[in-house]
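Accompanying notes for the structure given below.
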Amino acid sequence: MFLRIDHVGIACHDLEKTIALYESTFGVTVVAREVNEEQGVREAMLHVADGEGGGSYIQLIEPLGPDTPVGKFLAKRGEGLHHVAYGVSDVRGALTEIAATGVRLIDKNPRHGSMGSSIAFLHPKDVGGVLTELVQARQAE
Ligand code: V0V
Ligand code: CO
């Protein structure tokens, strides 16, 4: 089902400061930035490697406010790993297969994700305590 690890999502209070830390520590660079109002985040993608069906990235995420998924996470747990995202070729098909196993879907239909991708989240309580995201990268034109 999975093509690659698309990204690891890391929650932070200060996006610019955390970008600078990752760039200077690991030599990675920002390839995309976006404010995603629906998800309540300001985010940046830092490229790690190329992979099947798309690249793999570090996604740094800063909440747009305290009453957002990432705002609540920071208040409860502090900065750190927030989610793991796997690349799939067909996010709707993957959701149907996963739902049949009994795992709760946070998103029954895909939403807009970084860099034109289609994304959907699975409930962390049903996936070993890890907030899990499926990503179908934007198709090359
Ligand atoms: C919450 N919990 C987590 C968690 N967030 N466990 C692991 N990893 C996380 N990130 C646990 C939390 O500790 C509670 O467990 C329980 O789930 C319920 O949490 P809550 O604080 O009461 O919060 P809820 O239930 O209001 O919301 C939790 C969920 C929510 C996961 C349902 O955060 C959500 O819908 N997330 C999906 C959207 C999202 O995260 N968007 C931001 C990334 P205890 O304490 O009861 O045991 S946006 C993104 O990645 C984009 C745009 C992209 O392109 O990739
Ligand atoms: Co993500």
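Nothing in this text is a laboratory measurement; each read-out follows from the coordinates by a stated rule. Predicted model only: the values in this text are computed from it and were never measured. Cβ sites come from the backbone with ideal geometry, for glycine too, and all protein chains shown count toward neighbours.
Give me the distance between the Cα centres of region 80-94 and region 6-72, rounded to whole Å.
15
Dipole of the chain, Cα-centred, from +1 at each Lys and Arg C-beta and -1 at each Asp and Glu C-beta, to the nearest 20 debye? If you can, show how the numbers build up before the last one.
Numbers: 13 positive and 19 negative charges, 84 e Å.
The dipole of the chain has a size of about 400 debye.
Is the shape of region 32-115 rounded, prolate or oblate, going by the alpha carbon gyration tensor and its root eigenvalues a ≥ b ≥ c, with a/c under 1.5 for rounded and a/b larger than b/c for prolate?
In terms of gyration-tensor shape, oblate.
Taking the highest mean first, how do the peptides 65-75, 109-119, 95-105 order by number of other beta carbon atoms within 10 angstrom per residue?
109-119, 65-75, 95-105
For ARG4, what residues show an amide H to amide H distance below 5 Å, using hydrogens built from the backbone and excluding near sequence neighbours?
For ARG4, the qualifying residues are GLY87.
Once R0 is set to 22 Å, what does the formula 1/(1 + (r/R0)^6) return for the Cβ-Cβ distance between THR25 and ARG138, expressed as a FRET efficiency to the nearest 0.05?
With a Förster radius of 22 Å, E is 0.15.
Percent antiparallel among DSSP beta bridges with both residues in the chain, to the nearest 5?
The antiparallel fraction comes to roughly 80 percent.
Toward the positive end of the charge dipole of region 1-125, about the Cα centre and with charges on Cβ (Lys, Arg +1; Asp, Glu -1), which of LEU64, HIS112, ALA75 goes farthest?
It is ALA75.
Can you check how the C-alpha radius of gyration of the chain compares to 2.2 N^0.38 Å, as a plain ratio?
Cα-based Rg divided by the globular estimate yields 1.01.
Length gain on complete extension for the stretch GLU34 to THR68, per 0.36 nm per residue less the alpha carbon to alpha carbon distance?
Numbers: separation 34, 0.36 × 34 = 12.24 nm, distance 1.62 nm.
Answer, rounded to one decimal: 10.6 nm.
Can you list the HN-Hα couplings for region 34-46, worked out from phi with the Karplus curve (6.51, -1.76, 1.60; θ = phi - 60°), rounded to whole Hz and with x for Gly and Pro?
7, 9, 10, 4, 4, 8, x, 9, 10, 9, 9, 9, 10
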